[in-house]
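The values are calculated or read from the model by the stated rules, or taken from the named source; none is laboratory data. Because the structure is a prediction, the values reported are computed rather than measured. Note: ideal-geometry Cβ built from the backbone for every residue, glycine included; neighbour counts use all protein chains shown. Side chains included, ligands, DNA and RNA excluded: accessible areas come from the protein's heavy atoms. Shrake-Rupley method; radii C 1.70, N 1.55, O 1.52, S 1.80 Å.
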Amino acid sequence: MGNEALVVGALLANCRFYAGYPITPSSEIMNLMAKYLPLLDGVFIQMEDEIASILAIIGASLTGVRAMTATSGPGFSLMQEGLGYAVMTEVPIVLVDVMRAGPSTGQATKAAQGDVMQARWGRHGDQEVIVISPASAQEMLELTIHAFNLADKYRVPVILLPDEIVGHAEEIVNVPNEEDVFLYHRREPSSKDEPLFGGDGKKVAPFPVLGKGLNVLVTGSTHTEFGYRRTQDPETHRKLVFHLVNKIRNNRDDIVSYEIYGEDDANVGIVAYGSVFRAALESMKLAAKEGIKLKIFRPITLWPAPDIEIYNFSEGLDILIVPELNTKMYALEVERAVRGMVSVFSLNKIGGGIPIYPGEILSFIKKNMRR
């Protein structure tokens with residue numbers, strides 16, 4: 001199962017602290033972390049709610065351990081303030097949101113992709129996080145390892161955003177040998193005089209591990225590079241916030257990942273992510289039988305958006321289709337990216353956890369090709 005594969009990836013990534021609260025459709029992650037972490041000298045704790053869960057993993061990460069939590073829509077909403085605190089204090093954590101149908105309690109066991117914009121903009125204030133969209137059980141494993149490495153490298157929360165279909169799909173997974181797994185190691189201060197926070201928006205300050213002799217001040221208020229609060233100083237705030245934003249934007253070429261499939265001379269394009277990408281891939285095979293050439297752009301990193309790459313992909317297309325399990329979210333980002341170069345059509349389905357089928361994508365393409 002995708003959720004099970006994600007746990008294997010987290011353990012291979014040396015995640016040794018998990019705090020969470022059970023919520024469908026992510027609960028398998030919590031159950032397996034509870035089972036296996038104690039066997040690896042790790043710590044598992046069920047918290048009283050999702051707010052406490054994210055704050056607990058922030059605290060654990062500050063002691064130098066890799067930490068993770070998992071949730072779904074309602075719990076993800078509760079975690080947003082904690083996520084903003086992790087952004088402001090530059091604490092690396094990994095959060096998994098296995099998306100289900102909302103708003104509110106919605107349909108707790110049904111698939112959706114309605115958290116795409118919340119993952120990007122859910123916190124108040126100017127900020128950037130990294131959001132990754134797995135599309136298979138294999139990627140649930142591999143991209144979880146990648147998420148931990150990115151979190152440590154850029155001292156930022158990384159959100160894994162599978163939908164319920166990916167989380168619960170059962171597939172064969174190739175598990176790498178532990179010695180073959182690359183782990184990014186946090187850079188720690190070399191002296192007590194080295195800045196611990198902020199920077200120039202390109203390089204990231206070394207991580208101050210609590211308990212190693214440094215006098216570390218950690219605050220969600222505006223602070224200097226040594227953690228001192230400066231809540232009335234506009235220049236300190238400007239410098240800090242631009243660093244938090246630009247350390248992601250300036251390194252987008254290292255962070256952004258995507259895949260392109262299909263014919264270079266195709267005149268119909270698809271942008272799809274998560275489980276819907278799998279349907280799009282099958283629709284390409286159906287289209288080929290009818291003489292229709294398609295190509296697919298699959299954003300693996302949803303945020304920061306691969307907007308430059310989507311623009312380049314769209315050159316020469318007659319139409320661009322964006323199928324999603326929501327009412328039109330990432331399609332808006334695609335429209336922004338292509339800047340009117342090609343007509344963008346949204347194929348949207350919500351409710352009941354019913355997937356978008358390959359035949360539906362092909363029928364939608366044929367309908368809009370005639371416009």
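Observations on the model:
- Scan of the stretch 2-55 for residues that are assigned to a strand (DSSP E or B) and open to solvent by 20 Å² or more (accessible area, probe 1.4 Å), ordered by number: R16, F17, V43, F44, I45, Q46
- Residue within the stretch 357-371 that is within 21 Å of M117 (Cβ to Cβ) and open to solvent by less than 30 Å² (accessible area, probe 1.4 Å) present: no
- Pairs with Cβ under 7 Å, 6+ apart, first in the stretch 91-107 and more than 17 Å from R120 (Cα to Cα), second of a type in the set (F, W, Y) and crowded, with 22+ Cβ neighbours inside 10 Å: none
- Cβ pairs under 6 Å, 6+ apart, first in the stretch 281-309 and part of a helix (DSSP H, G or I), second open to solvent by less than 10 Å² (accessible area, probe 1.4 Å) and small (G, A, S): D307/A337
- Hits in the stretch 300-333 - residues which are of a type outside the set (G, A, S), open to solvent by less than 10 Å² (accessible area, probe 1.4 Å) and within 24 Å of G351 (Cβ to Cβ): L302, I321, V322, P323, E324, L325, N326, Y330
Each row is one residue, and each column tells you yes or no for (1) part of a strand (DSSP E or B); (2) crowded, with 19+ Cβ neighbours inside 10 Å; (3) among the small types (G, A, S); (4) assigned by TED's automatic domain parsing to the domain that holds D318.
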| residue | (1), (2), (3), (4) |
| --- | --- |
| F207 | no, yes, no, no |
| L214 | no, no, no, no |
| G220 | no, no, yes, no |
| R238 | no, no, no, no |
| F242 | no, no, no, no |
| K247 | no, yes, no, no |
| D264 | no, no, no, yes |
| S275 | no, yes, yes, yes |
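- Checking G9, G75, G84 one by one, the residue that is out of contact with any helix residue (DSSP H, G or I) (no Cβ under 7 Å at 6 or more places or on another chain) and among the small types (G, A, S) is G84 and no other.
- Residue in the stretch 226-236 that is most open to solvent (accessible area, probe 1.4 Å), counting only those that are out of contact with any His (no Cβ under 9 Å at 6 or more places or on another chain) and not hydrophobic (A, V, I, L, M, F, W, C): Q232
- Take the conditions (1) within 25 Å of I130 (Cα to Cα); (2) buried (at least 20 other Cβ atoms within 10 Å of the Cβ); (3) not hydroxyl-bearing (S, T, Y); A287 misses just one of them, which is (1).
- Search result, residues across the stretch 130-162 that are outside any helix (DSSP H, G or I) and over 28 Å from K247 (Cα atoms): S136
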